[in-house]
Amino acid sequence: MSVVNVIKLHKIMGDELAKVESYLDQFLHFEHQEIAEGALHTLHAGGKRLRPAVVIMTASFYNNADKVVPLAAAMELIHMASLIHDDIIDRSPTRRGLPTLNVTMGPAKALHTGDYVLTKALEDVYNLPRGKEIVKILGNLSMEMCYGEVEQINSMYDVKQTIEDYYYRINRKTALLIAVCCQVGALASNASPQEVQKFYDIGYNIGMAYQIKDDILDMEMSEKDLGKPAGSDLAHGIMTLPTILTLQKDFAEKEHLLDLIKSRFPKGQEQVQEALELIKKHHGIKEANQYCRRYIEQSKRLIDELPENKGKLVFKLGAEYVISRGY
Amino acid sequence: MTNNEQAQRAYLKENYLEIFKLKNNDFFGLLAIDFYLKEFLFFPRLMNLLASRNNLNDSKARNLGIVSTLVYLSAKIHYSVKDNKKTTFAADMQFPILLGDLLYGKVIEVLLSGENSDCLNDYLHYLQELNAAVVDHLNGEVNEEVLAELRYVKLALLSADLLGVKDEEELEWVKNSAKAFAAGLKKENISSALEQLKADGDFAFLANDLKITSLEDLERSI
């Protein structure tokens with residue numbers, strides 16, 4: 001199902017996404033050779049290109065998809081810059097099977113490469129129609145993303161976290177960026193303020209669902225599919241929704257689960273696996289899937305409120321893809 | 001206190017210290033690095049003085065003073081991240097990266113909410129040049145002096161230019177102020193640097209701010 005949806009989605013937007021890819025490739029050929037090589041290395045590692053797809057999906061609604069290619073590309077670049085920094089912060093040796101810039105350039109140079117890419121992307125957006133308005137939104141987004149990251153670091157292995165704490169983090173980690181992709185796609189297409197807000201809300205709900213699903217997949221998928229051991233969030237002390245929901249319950253092995261987390265899994269993956277089994281046994285994953293589904297349903301309700309347009313189908317397929325996708 | 005000074009004070013409080021507050025604490029407590037508190041006021045003072053000396057727009061100068069400081073601090077905080085400095089990973093690496101990123105966002109917010117929104121590209125170009133130079137410096141291709149020139153003199157001249165200062169002598173004064181500021185920061189014996197600055201009436205405005213060592217000092221100085 002998910003594969004079919006993705007194909008359908010990309011068939012509708014295929015031309016524009018290919019244009020984004022080619023725009024990105026050209027854009028990153030900076031004068032500074034080492035920075036250009038680093039940025040291109042990150043680009044060619046691949047990625048789902050979800051953010052540009054969302055910008056284009058929104059603009060398609062106004063028959064404006066071909067005009068937002070530079071904006072869609074810039075949203076991917078901003079995401080890319082944040083990934084470069086995330087890889088340093090998380091000490092990630094690989095991303096999508098390739099060494100990160102953190103490894104190939106070292107953290108210091110990787111950090112400044114990320115900064116360089118970000119400023120180039122912002123400059124590009126600023127020079128677009130309504131660029132000033134959009135850059136202001138992006139500035140605010142970037143600040144909120146930082147606040148979210150700080151909370152994630154500060155709350156590691158904190159077993160007292162609530163669902164609200166989790167929402168605070170994933171909103172800033174993922175949902176806001178997707179919401180903003182919808183918002184700027186609508187703004188750049190001269191949508192009315194009400195429609196811009198509606199698209200923002202749709203993006204927010206899809207983004208929340210997307211991150212919840214990502215967190216579920218981190219527990220559900222095999223190491224082979226993930227490219228990293230299952231439960232790596234938990235192993236690093238990041239409390240995601242399945243864990244939080246499980247810890248809200250009373251059950252015989254609860255103290256043991258708490259001990260495993262608080263002691264930071266001293267025996268490694270074997271204990272992480274044990275914790276995952278307990279979370280599955282007490283329906284943490286199943287219930288998290290229901291939360292995910294609620295966000296998707298809410299996004300579909302909002303999509304239904306949009307004026308009749310073939311783009312509605314694309315959005316619904318996109319929303320459905322979030323919940324049915326693999327990693 | 002003159003009206004202009006009062007306005008400057010209110011603007012600095014509103015736009016500075018709020019940035020560093022987090023959900024449950026603030027950034028100051030999370031960083032292992034020296035937080036450069038004494039560097040917070042150079043650009044605002046410089047811009048304010050330039051506006052007075054040249055009869056230029058005060059509120060534009062206030063906004064540019066903050067923006068230039070945020071640009072300066074974000075770049076310098078990111079520069080503090082080194083490949084081999086890992087006393088505490090969170091404090092030496094994670095939080096400085098995030099604070100630098102946060103300040104980039106704040107640059108945009110402050111710049112685009114003021115009357116200098118058409119200056120964004122100038123600051124972005126400056127940051128591109130600086131980041132490229134840092135990469136070259138890390139490769140051993142650019143020396144510390146060139147980097148310091150970019151970090152202090154070029155940014156001060158850019159800020160003055162954006163404010164509308166065109167007079168050659170005045171720009172020379174800006175350049176020398178930035179050099180005096182950089183030299184003051186570098187001096188191991190801060191008191192002798194301060195005496196020297198005080199003795200030189202032209203740069204006396206730098207002296208008190210270089211004594212700031214705590215958040216309380218900073219709040220008082222604002």
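The values are calculated or read from the model by the stated rules, or taken from the named source; none is laboratory data. Source: prediction; values computed, not measured. Methodologically, a virtual Cβ is constructed for each residue, glycine included, from the backbone with ideal geometry; neighbour enumeration extends over all protein chains shown. Keep in mind that these areas ignore ligands, DNA and RNA; they rest on the heavy atoms of the full protein, side chains included. Shrake-Rupley method; radii C 1.70, N 1.55, O 1.52, S 1.80 Å.
Considering only residues that are facing chain A (nearest Cβ under 10 Å) and either in contact with a Ser or Thr (Cβ under 7 Å, 6 or more places away or on another chain) or at pLDDT 90 or above (or both), which ones fall in the range B:60-80?
Going through the range B:60-80, the residues facing chain A (nearest Cβ under 10 Å) turn out to be B:74-75, B:78-80.
Those that are facing chain A (nearest Cβ under 10 Å) and either in contact with a Ser or Thr (Cβ under 7 Å, 6 or more places away or on another chain) or at pLDDT 90 or above (or both): B:Ser74, B:Ala75, B:His78, B:Tyr79.
Count, please, the residues in the range A:38-69 that happen to be free of Cβ contacts under 8 Å to residues at least 60 places away in the same chain, surrounded by 17 or more Cβ atoms within 10 Å (Cβ to Cβ) and over 20 Å from the mean Cα position of the chain (by Cα).
Going through the range A:38-69 one residue at a time, the tally reaches 1.
If B:Gly140 meets every condition in (1) in a helix (DSSP H, G or I); (2) exposed (fewer than 14 other Cβ atoms within 10 Å of the Cβ); (3) not charged (D, E, K, R) apart from one, which number is that one?
(1)
Are there any pairs with C-beta distances below 9 angstrom linking a residue in the range B:86-111 that is more than 18 Å from A:Asn154 (Cα to Cα) and facing chain A (nearest Cβ under 7 Å) to a residue that is of a type in the set (Lys, Arg) and surrounded by fewer than 24 Cβ atoms within 10 Å (Cβ to Cβ), with the two at least 6 apart or on different chains, and if so which?
Short answer, once both residue conditions are applied: B:Ile108/A:Lys136; B:Glu109/A:Lys136.
Please find, among B:Ser74, B:Ser59, B:Ser52, the residue that is of a type in the set (Ser, Thr, Tyr), free of Cβ contacts under 8 Å to residues at least 60 places away in the same chain and farther than 21 Å from B:Leu120 by Cβ. Walk me through it before giving the result.
Values: B:Ser74 fails: farther than 21 Å from B:Leu120 by Cβ; B:Ser59 fails: farther than 21 Å from B:Leu120 by Cβ.
Checking each option against the conditions leaves just B:Ser52.
Just a yes or no: is a residue in the range B:117-130 under 17 Å from A:Met143 (Cα atoms), at pLDDT below 95 and touching a helix residue (DSSP H, G or I) at 6+ places or on another chain (Cβ under 7 Å)?
No; the residues of the range B:117-130 include none that is under 17 Å from A:Met143 (Cα atoms), at pLDDT below 95 and touching a helix residue (DSSP H, G or I) at 6+ places or on another chain (Cβ under 7 Å).
So B:Glu149 ticks every box in (1) part of a helix (DSSP H, G or I); (2) facing chain A (nearest Cβ under 7 Å); (3) open to solvent by 20 Å² or more (accessible area, probe 1.4 Å) but one. Which box is left unticked?
(2)
Which numbered condition trips up B:Val135, out of (1) open to solvent by less than 10 Å² (accessible area, probe 1.4 Å); (2) among the hydrophobic types (A, V, I, L, M, F, W, C); (3) more than 23 Å from B:Tyr11 (Cα to Cα); (4) more than 10 Å from chain A (Cβ to nearest Cβ)?
(4)
Do we find that B:Leu99 is within 23 Å of B:Asp209 (Cα to Cα) and either over 14 Å from the mean Cα position of the chain (by Cα) or surrounded by fewer than 23 Cβ atoms within 10 Å (Cβ to Cβ) (or both) in this structure?
Yes.
Tell me, yes or no, whether the range A:88-101 has at least one residue that is touching a Lys or Arg at 6+ places or on another chain (Cβ under 6 Å) and either at the interface with chain B (Cβ under 7 Å from one of its Cβ atoms) or of a type in the set (D, E, K, R) (or both). Working first, answer last.
Taking the range A:88-101 as the starting set, the residues that turn out to be touching a Lys or Arg at 6+ places or on another chain (Cβ under 6 Å) are none.
No, the range A:88-101 has no match at all.
Would you check if B:Arg45 is open to solvent by 20 Å² or more (accessible area, probe 1.4 Å), farther than 20 Å from B:Leu150 by Cα and charged (D, E, K, R)?
Details: open to solvent by 20 Å² or more (accessible area, probe 1.4 Å): yes; farther than 20 Å from B:Leu150 by Cα: no; charged (D, E, K, R): yes.
For B:Arg45, the condition - open to solvent by 20 Å² or more (accessible area, probe 1.4 Å), farther than 20 Å from B:Leu150 by Cα and charged (D, E, K, R) - is not met.
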